[in-house]
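Worksheet: the structure to be examined is printed underneath.
The values are calculated or read from the model by the stated rules, or taken from the named source; none is laboratory data. The structure displayed is predicted, hence computed values, not measured ones. Cβ sites come from the backbone with ideal geometry, for glycine too, and all protein chains shown count toward neighbours.
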Amino acid sequence: MIWLGKNLYVLGPAFITIPSILLGLGFVCIILAILGLYGCARANECILKTYTALVILLFLVEIVIAILTSVESNRIESGVEMSVNLTITDYYDNEIAKQKADEMQKTFTCCGANSALDYPINKTPDTCCSQSPCNITNAFQKGCAKEVSGYLEQKMLIMSITSFVCSAVALFSVGFACLFFRDLGQYTKLQ
């Protein structure tokens with residue numbers, strides 16, 4: 001989405017890595033849930049201890065991811081502004097930059113990095129307007145840098161909140177597993 005001069009994506013690997021890790025953690029959660037259910041159904045203390053240890057590890061990983069998404073979201077605005085400025089600068093010189101800028105301007109109903117004034121006079125692209133012919137007076141007023149960074153910050157906030165919620169669920173799972181251990185120990189003493 002955010003393109004630099006030579007097919008480089010400005011926001012770095014964190015914006016690809018963090019969602020991939022969260023998807024992987026979702027798969028691990030499913031496997032852990034099956035393991036926990038099996039351990040409870042069989043009242044197998046070894047499986048339940050393994051389950052508890054893995055859930056604690058999962059909890060720690062989710063906390064790290066939540067912190068990482070919070071930290072990375074603070075770097076969004078400067079990276080987006082740099083990327084959008086470079087794309088707009090290359091608009092008339094590079095066909096790929098033109099396609100990316102047009103796509104961005106259509107998607108976010110914005111114009112230029114900061115405004116339509118980023119383009120030369122009488123050369124405002126048609127994607128900057130809802131009607132043709134396009135010029136500075138009828139171009140979208142908002143710049144794309146703020147629109148794109150706002151969009152990405154919103155997505156990062158959602159990922160961060162989701163990670164914190166999953167961490168809380170993992171913490172409750174550990175608590176319930178510990179209660180089950182205690183009851184299982186009392187149950188085996190009665191037999």
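Quick one: how many residues across the range 83-102 are over 20 Å from residue 146 (Cβ atoms) and among the basic types (Lys, Arg)?
Counting residues in the range 83-102 that are over 20 Å from residue 146 (Cβ atoms) and among the basic types (Lys, Arg) gives 1.
Among the residues that make up the range 170-180, is at least one of them in a loop (DSSP other than H, G, I, E, B), surrounded by 16 or more Cβ atoms within 10 Å (Cβ to Cβ), modelled with pLDDT under 90 and out of contact with any His (no Cβ under 8 Å at 6 or more places or on another chain)?
Looking only at the range 170-180, we keep the residues that are in a loop (DSSP other than H, G, I, E, B), and these are none.
Scanning the range 170-180 turns up no residue that is in a loop (DSSP other than H, G, I, E, B), surrounded by 16 or more Cβ atoms within 10 Å (Cβ to Cβ), modelled with pLDDT under 90 and out of contact with any His (no Cβ under 8 Å at 6 or more places or on another chain).
Working only within the range 115-132, note down all residues that are more than 30 Å from the chain's Cα centre (by Cα) and closer than 11 Å to residue 144 by Cβ.
none
Scan the range 81-114 residue by residue and report those that are over 24 Å from the mean Cα position of the chain (by Cα) and at positive phi.
Matches in the range 81-114: 112 only.
Here is a list: 86, 48. Which entry is under 30 Å from residue 119 (Cβ atoms) and in contact with a Gly (Cβ under 7 Å, 6 or more places away or on another chain)? Outline the logic, then answer.
Values: 48 fails: under 30 Å from residue 119 (Cβ atoms).
None of the other options fit; the residue is 86.
Scanning the range 108-145 for residues that are among the aromatic types (Phe, Trp, Tyr) and part of a loop (DSSP other than H, G, I, E, B), which turns out nearest to residue 84 (Cα to Cα)? Show your work before the answer.
Keep residues of the range 108-145 that are among the aromatic types (Phe, Trp, Tyr), which gives 108, 119, 140.
Next cut, part of a loop (DSSP other than H, G, I, E, B) only: 119, 140.
Numbers: 119: 13, 140: 16 Å.
Result: 119.
Taking residue 166 as meeting all but one of (1) in contact (Cβ under 8 Å) with a residue 60 or more places away in the chain; (2) out of contact with any helix residue (DSSP H, G or I) (no Cβ under 6 Å at 6 or more places or on another chain), write down the number of the exception.
Here residue 166 clears every test but (2).
What are the pairs with Cβ atoms under 9 angstrom where one residue, in the range 99-111, is at pLDDT 90 or above and the other, located anywhere, is basic (Lys, Arg) and not in a helix (DSSP H, G or I)? Sequence gap at least six, or different chains.
108/142; 109/142; 110/142; 111/142
Condition check: within 22 Å of residue 157 (Cβ to Cβ), of a type in the set (A, V, I, L, M) and either free of Cβ contacts under 8 Å to residues at least 12 places away in the same chain or surrounded by fewer than 18 Cβ atoms within 10 Å (Cβ to Cβ) (or both). Does residue 71 satisfy that? Break it down into steps so the answer makes sense when it comes.
Numbers: within 22 Å of residue 157 (Cβ to Cβ): yes; of a type in the set (A, V, I, L, M): yes; either free of Cβ contacts under 8 Å to residues at least 12 places away in the same chain or surrounded by fewer than 18 Cβ atoms within 10 Å (Cβ to Cβ) (or both): yes.
The answer is yes for residue 71.
Out of the residues in the range 83-95 that are in contact with a helix residue (DSSP H, G or I) (Cβ under 9 Å, 6 or more places away or on another chain) and assigned to a helix (DSSP H, G or I), which is surrounded by the fewest Cβ atoms within 10 Å (Cβ to Cβ)?
Going through the qualifying residues, I end up with 89.
Looking only at the range 140-154, decide whether some residue is farther than 27 Å from residue 70 by Cβ and surrounded by fewer than 20 Cβ atoms within 10 Å (Cβ to Cβ).
Narrowing the range 140-154 to residues farther than 27 Å from residue 70 by Cβ: 140-141.
Filter once more, so that each one left must be surrounded by fewer than 20 Cβ atoms within 10 Å (Cβ to Cβ): 141.
Scanning the range 140-154 turns up at least one residue that is farther than 27 Å from residue 70 by Cβ and surrounded by fewer than 20 Cβ atoms within 10 Å (Cβ to Cβ).
Taking residue 56 and the conditions (1) surrounded by fewer than 16 Cβ atoms within 10 Å (Cβ to Cβ); (2) closer than 30 Å to residue 175 by Cβ; (3) touching a Cys at 6+ places or on another chain (Cβ under 7 Å); (4) of a type outside the set (Lys, Arg), which numbered condition does it fall short on, given that it satisfies the others?
(3) is the only condition that residue 56 fails.
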